[in-house]
Amino acid sequence: MTSNSPVPEPILSIRGVGKTYAGGFQALKNVTLDIHRGEIFALLGPNGAGKTTLIGTVCGITNPTEGQITADGHDVVRDYRAARALIGLVPQELHTDAFETVWATVSFSRGLFGKAPNPALIERILKDLSLWDKKDNKIMTLSGGMKRRVLIAKALSHEPKILFLDEPSAGVDVELRHDMWRLVRQLREAGTTIILTTHYIEEAEDMADRIGVIRKGELIVVEDKTTLMRQLGRKELALSLQQPLSAVPQALARWPLTLSADGLTLTYTFDTCEEDTGIAELLADLGAQGIAFKDLRSSESSLEDIFVSLVHEKNEVGA
């Protein structure tokens, strides 16, 4: 039985977006992406891949050369004010009003979006970010980590429905990172849609519902995180041998085996989505060759492994 329930409208819709700068550099190429309401979406890619350009285009910092972007139904170019009011941005750069106090700069950010003063909200945001005891301090007196917290507070001050975090963990301490991800989870539970870029791939693996990978301005994959890891993940079985081998015997050549430099570990790599892993047959073949092992352990590829293989694969194709 099929469901007739309508597919929910995305809160952010990006359609055929391209960005070419005056010098001819094409930073974005035909990017099409829907962001679901209330999800955490992680955008991964090497330096210079187009992550920050895409965020800047959505946030109205730069206009797309082609294509269309709508935020909750509002075109980010034609209906800029309404679209931008829905979006909060935590940029990479630590640029804040050096001579203003924490309280003043966060409150001012709320006013920029035409929102009425709400001291109780500002207080809650500052407390959530462990900034309350710094509320009367000038920005210039704060550490880099504290300035990062202020940027997050400013982005949240007008209660956005969509929050962009552009490399939010870059150069911050572990305590702030944990505080930040705790806050992100709380925001998502309250209905905020989160889009983040990060170099800490383990954080994307832990936090995100879906993953997008961008390379040279092109979105090369968008997938549910668990599906991506199931489809592209690999498992490895490492066998610790009782006696070292000088080489993998020819009789085992049909198996994807690698031998460690000391000859004491054989590693077998297989797809996680295969029904028959071949392990039982491999072990039988090892026994037939008189190769005994004293221990075995398996490991599954991480999102970082998948990301590296995806980018490498695309490089090979484009070579």
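Legend: Rg and Dmax of region 234-300, from Cα coordinates, 11.3, 32 Å.
With 24 Å as the limit, the listed pairs Lys19/Lys147; Lys127/Lys147; Lys134/Lys161; Lys115/Lys154; Lys19/Lys225; Lys147/Lys216 have Lys19/Lys147; Lys134/Lys161; Lys19/Lys225; Lys147/Lys216 beyond it between alpha carbons. Backbone phi angles across region 248-265, fed through the Karplus curve with coefficients 6.51, -1.76 and 1.60 (θ = phi - 60°), yield HN-Hα couplings of 6, x, 4, 5, 9, 4, 6, 8, x, 10, 10, 10, 5, 4, 7, x, 9, 9 Hz in residue order; Gly and Pro are listed as x. Axis of helix 174-189 versus longest Cα principal axis of the chain: the two differ by about 80°, to the nearest ten degrees.
Dividing the mean sequence gap of close Cα pairs (under 8 Å, 6+ apart) by how many residues the chain holds gives a relative contact order of 18 percent. Backbone amide hydrogens, once placed in the peptide plane, bring Thr62 within less than 5 Å of Thr57, excluding anything fewer than 5 places away on its chain. DSSP beta bridges confined to the chain are antiparallel in about 70 percent of cases. Take each peptide in 184-195, 38-49, 235-246, count the other Cβ atoms within 10 Å of every residue, and average; sorted highest first, the result is 38-49, 184-195, 235-246.
Note that the chain, at 4 °C in a medium of 1.567 mPa s, gets a Stokes-Einstein diffusion coefficient of 57 µm²/s from its Kirkwood radius over C-alpha pairs. Couplings for region 284-291, taken from phi via the Karplus curve 6.51 cos²θ - 1.76 cosθ + 1.60 with θ = phi - 60°, read 5, 5, 4, x, 5, 8, x, 9 Hz in order; Gly and Pro are left as x. Per-peptide packing, taken as the mean over residues of other Cβ atoms within 10 Å, places 59-67, 287-295, 210-218 in the sequence 210-218, 59-67, 287-295 from highest down.
Each value in this text was obtained by applying a stated rule to the coordinates, not by laboratory testing. Note that the structure is predicted; figures quoted are calculated from it, not measured. Don't worry about glycine lacking a Cβ; one is built from the backbone with ideal geometry, like all the others, and counts go over all protein chains shown.
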